[in-house]
Amino acid sequence: MESQFKVSFFLIHAKRTKTRQTPIYLRIRYNNDQVTIASGQFISASSWDKKAKRVKGTSAEAKAINDALKALEVKIRSAVNQLILIGKPFNVNTIKENVSGTSKEAYTLKDAFEVYLAMVKSLIGKDYSPKTLTKYKQTYNRIMEFVKIRHNRVTFYLYDLDDNFMSDFEIYLKAEIQNNQTTVYKHWQRLSRVVKYAMKRRMLDVFPFINYNIRLPKKEVEYLTKEEVQRIENADFGVDRLNKVADFFVFSIYSGLAYTEILNLSKAHLVKGVDGELWVKMHRQKTKKPYTVPLLPKAIHIIDKYKDDPYCRKTGKIFPLPTNQKMNAYLKEIQVICKIKTKLTVHLARKTFACTIMLLNGVSIQVLSECLGHANTRVTIDAYSAVLPEMVVNEFSMLRKKLG
């Protein structure tokens, strides 16, 4: 313990009183961390023995202060010995809390995740989906797997979390689990949310990952060109299921709605906008943000095609949409038939809406962000800030005309 744990007294001159009395503080060092505690004692700076870490002289006042400092040091060492005897992991903050009488119950990662998962579970169907709950459980299981392998522990306290923990966890995910940067980022994002929620519940005082940082890798945005979109629009696939899926895909391209929003789209979500045209008004499931956007003519045309569909009339839904998995499977067939190189997926339609329909036609990032229902414009900028080659051509073509 002696090699890890040290106690020393010092003066903080910046806190000297108006009567020129300087406070004595105590520094606790343990495992490369440190905290300070006010001793409650004040002296004239000239009376301090820097080498002995005590008050000079043999006066009654000097003896009383030195005795108080000795008693405080003994109290701290006793607290540390007690923590060691209990057998629970501890750090400098735990020692400080024990000495100051403000020690709290030591909460674990399991405690924090249980509280957070219970909250998510109670709000499924309102603020969260079952898929979200599953992802948080996966993150918890991966973390506890790491704790057991790397730390040889089944219990890990919140106060033991720090930047080194997260850095080691990142290395473990990449080296041992073969996770890519995006997956690691998602685990970090979920753990951060759990920890911050624990702080709100007063299970932890300070966010432990102050200096840790990880970013999502920049990916080139994939989207269909105008010509490729027209190929799908004009094709007759000869099979009802493919023609329907093509319609739904093209609707997403011209509306920007994600699969979940199209699946839940009903007559109640179609309203007359401020311009007298047809708009969609709903909440995005992913961001919970109110979502009000105008519909383009081609999107309205596809809605009209399914007004008399038996399923739509029975349920009030706008489209008889298949499952996400079936949609992607059928889109593979459409990709082959239309001879499109880019892999067709449900989400690609939304990317195409952003790039081909909006940005390449001069729509601003701010308006695009609203039409996509993003939580804020930063999300949109991060996703679509890369200058598209077609945008360079368009902008310079306009510039040449202006400059003659």
Q: Go through region 219-246 and give me each residue that's closer than 30 Å to K186 by Cβ and in a loop (DSSP other than H, G, I, E, B).
A: K219, E220, V221, E222, Y223, L224
Q.
Out of everything in region 239-262 that is under 18 Å from I300 (Cβ atoms) and of a type in the set (V, I, T), what residue ends up being surrounded by the most Cβ atoms within 10 Å (Cβ to Cβ)?
A. I253
Q. For R193, all conditions in the list (1) in contact (Cβ under 8 Å) with a residue 24 or more places away in the chain; (2) among the charged types (D, E, K, R); (3) assigned by TED's automatic domain parsing to the domain that holds Y128; (4) out of contact with any helix residue (DSSP H, G or I) (no Cβ under 8 Å at 6 or more places or on another chain) hold save one; what is the number of the exception?
A. (4)
(Q) Can you go through L204, L216 and tell me which one is within 12 Å of the chain's Cα centre (by Cα), among the aliphatic types (A, V, I, L, M), assigned to a loop (DSSP other than H, G, I, E, B) and at pLDDT below 95? (A) L216
Q | region 127-138 - residue that is in contact (Cβ under 8 Å) with a residue 40 or more places away in the chain and part of a helix (DSSP H, G or I) and, of those, farthest from T108 (Cα to Cα) | A | K135
(Q) Could you list, ordered by first residue, the pairs with Cβ atoms under 6 Å in which the first is in region 290-308 and within 14 Å of L270 (Cβ to Cβ) and the second is assigned to a loop (DSSP other than H, G, I, E, B), at least 6 apart or interchain? (A) Y291/R284; Y291/G373; P294/G273; P294/E277; I303/I318; Y306/F319
(Q) Is it the case, given these coordinates, that H301 is in the same structural domain as T352 (by TED's automatic domain parsing), farther than 23 Å from V379 by Cα, out of contact with any Ser or Thr (no Cβ under 7 Å at 6 or more places or on another chain) and buried (at least 16 other Cβ atoms within 10 Å of the Cβ)? (A) no
Q) Restricting to region 298-335, what's the tally of residues that are in a helix (DSSP H, G or I), within 33 Å of the chain's Cα centre (by Cα) and among the charged types (D, E, K, R)? A) 2
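Which residues, taken from region 336-350, are part of a loop (DSSP other than H, G, I, E, B) and out of contact with any Leu (no Cβ under 8 Å at 6 or more places or on another chain)?
Selection gives C338, K339, K341, K343.
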Q.
For the structure I just gave you, tell me whether T356 is of a type in the set (S, T, N, Q), surrounded by 14 or more Cβ atoms within 10 Å (Cβ to Cβ) and over 29 Å from N243 (Cβ atoms).
A. no
Q: Quick one: N141 ticks every box in (1) part of a helix (DSSP H, G or I); (2) in contact with a helix residue (DSSP H, G or I) (Cβ under 7 Å, 6 or more places away or on another chain) except a single one, so which number is it?
A: (2)
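The values are calculated or read from the model by the stated rules, or taken from the named source; none is laboratory data. This one's a predicted model, so the numbers in the text were calculated from it and none came from an experiment. Please note: Cβ atoms are built from the backbone with ideal geometry, for glycine as well, and neighbour counts cover all protein chains shown.
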